[in-house]
Structures are given as C-alpha cells and as structure tokens.
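Student: Before anything else, here's the structure in question.
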Amino acid sequence: MALIDCDFFSESLQVGTSITVVLPQQTEEQIGVGSVRIGPEGPPVLYLLHGLSDDHTAWLRYTSIERYATARGLAVVMPAVGRSFYANEAHGHAYWDYVAEELPAVVASFFRVSTTRQDTFVAGLSMGGYGALKLGFTHPERYAAVAGLSGVADIRALTGRLERSEIVDRVFDGGFAPGDDLFALLEDVDPRTAPAYYVSCGTEEVALLDDNVRLAEAAEAHGLDVTTDFRPGVHEWGLWDDVIQDVISWLPLADE
C-alpha cells in the first residue's frame, strides 16, 4: 500500500486543507502483505470520516485501517473537517459542500481510483457516522454502501448532549433544519435504488444506542437494506477498530 498525506487548497473552504489517503499497490515481493488485483478503472474507494475530537490522521493512528484495506485492495480517503459536523457552518466554512461535492472531484483528479457508484463507499464514526449517513441519505445514487459507527443519529438531541452549545450555535446557528435530520432525510430515499446501510453502536453507549436503534428501525420500516451491529462496547477506538473490520468485510466489492 501507499500512504499519502495530501495538502491542497479547497475552493469550497477557501483555505488549505489535508487528507490522508491509503492506496493499494500490486506487489510480488513484499513480505506479510497479500497480493491485490487492481482493475484498469482503479481500486474501489472508501471515504472514511473522523469524529468530533479527531482529524484526518485518527483512523490511521488508532486502528489498523491500512492493513484491513490492503486485504481487499481498497483505497481509503480520510478528510479533515474540524468540528463541523460535516455541515456548511453558519459561522465558518462550507464543509458539506467540500465533502459532498469537491472532495470526490479532487480525489479523482489526484489519484487513479474508480469513480463508479458500485466502487464508492462512505463510513464514519460518531460525528463522522452522522456525516456518512447524511451523505448516504442525501446522495444515495453515489454510494454502493454506507456505514455509521456510533453515529450521532438524532441531531436534534445534540444540544442537550454537549457540555457547551458552541457547536450548535457556530455550526447550526442555534437550530436544525430538516436537511440536518437523518430521520427526515431517509424518508426521501427510494428503497428501490438505495445503497446498503450499516448501523452500528456499542450497547453500553447510553447517549447514542437508543437513537441508533430507532434510526435503523425507521430505515428498515421505509424499506431500506439495513445491517445492524449492536455489540458490547463504549465510545472508544477498541470498539471501532473491531467494527471497521466487519464493515470492510461487508462492503459489496464489485469483483467478488
């Protein structure tokens, strides 16, 4: 695999930003790493989103994501979005425009990865779980599979769960619109053409478990293909390191 720290200027953010990228590499002599086949269109790509207190390096530092991706010939793109909740901040930067529109175009221009829907996936943890599911509900035509790990499933409960309201005020201007609400967004998804969804949460995550169960039930009731994964665990990297392995195994890679 190739590991790339990429710094570039974002038109959406109007400032320089960074992504960490893992790219599969066809090798014959590397010890301890299995061989992978990369098709002419490039490898499939997983956009992997970080949580509230993290950055674009967190998944690489706290899990073995590079090794897990290598085993399946998967490219992984990890962007930095600060504490934005993957939104166009009311008093800040346009992170939703960046992640939803600009980032895939930048990745396609910089790297040889597949841009087909069947080879494109998105996942994230906590704040990033919310961002991944929002992308999957807002643009279901772009992704073959979408996963939220310990995600903030009910954005409207955010005010009461944060010690400070700085994020609610700065990002959402003190309130939430229907376009911020995952429960509202999933109602507009056509089950006939929707991607597969994966909703996971630790059963000891008191603040998040019930909301994720409700979201999965609402998505299933709407006719969406939902895999649920509620296993023992709390809001920490040991859980997410385990779950991301199962998410990657679950991804419907086109050549398998």
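The values are calculated or read from the model by the stated rules, or taken from the named source; none is laboratory data. Not measured: the values here are computed from a predicted model. FYI the Cβ positions are ideal-geometry reconstructions off the backbone, even for glycines, and counts take in every protein chain you see.
Student: In segment 27-43, what count of residues is obtained for those that are out of contact with any Lys or Arg (no Cβ under 7 Å at 6 or more places or on another chain) and either outside any loop (DSSP other than H, G, I, E, B) or at pLDDT 65 or above (or both)?
Tutor: Here the count works out to 9.
Student: Could I ask something else about it? For segment 70-103: of the residues being surrounded by fewer than 19 Cβ atoms within 10 Å (Cβ to Cβ) and either under 20 Å from Arg37 (Cα atoms) or of a type outside the set (Gly, Ala, Ser) (or both), which is farthest from the chain's Cα centre (by Cα)?
Tutor: His91
Student: Any residue at all in segment 157-178 that is within 14 Å of the chain's Cα centre (by Cα) and surrounded by fewer than 18 Cβ atoms within 10 Å (Cβ to Cβ)?
Tutor: no
Student: Just the residues that are modelled with pLDDT of 95 or more and farther than 21 Å from Ser126 by Cβ, please, taken from segment 68-90.
Tutor: Correct list: Leu74, Ala75.
Student: Quick one: which residue in Thr63, Thr120, Thr57 is within 21 Å of Asp241 (Cβ to Cβ), of a type in the set (Val, Ile, Thr) and touching a strand residue (DSSP E or B) at 6+ places or on another chain (Cβ under 8 Å)?
Tutor: Within the list Thr63, Thr120, Thr57, the selection yields Thr57.
Student: Pairs please, first residue from segment 199-222 and within 12 Å of Phe183 (Cα to Cα), second anywhere and hydroxyl-bearing (Ser, Thr, Tyr) and buried (at least 21 other Cβ atoms within 10 Å of the Cβ), Cβ atoms under 7 Å, 6+ apart in sequence or on different chains.
Tutor: If the second residue must be hydroxyl-bearing (Ser, Thr, Tyr) and buried (at least 21 other Cβ atoms within 10 Å of the Cβ), the pairs left are Ala219/Tyr197.
Student: Just name the residue that is modelled with the lowest pLDDT out of those in segment 239-256 that are surrounded by fewer than 16 Cβ atoms within 10 Å (Cβ to Cβ) and in a loop (DSSP other than H, G, I, E, B).
Tutor: Only one residue fits best here, namely Glu256.
Student: Right, here's the next one. Tally up the residues in segment 105-144 that are touching a helix residue (DSSP H, G or I) at 6+ places or on another chain (Cβ under 8 Å) and not hydrophobic (A, V, I, L, M, F, W, C), please.
Tutor: 12
Student: Do you know which of the residues in segment 192-237 that are in contact with a Phe, Trp or Tyr (Cβ under 6 Å, 6 or more places away or on another chain) and polar (S, T, N, Q) is farthest from Ala144 (Cα to Cα)?
Tutor: Looking at residues that are in contact with a Phe, Trp or Tyr (Cβ under 6 Å, 6 or more places away or on another chain) and polar (S, T, N, Q), I get Thr203.
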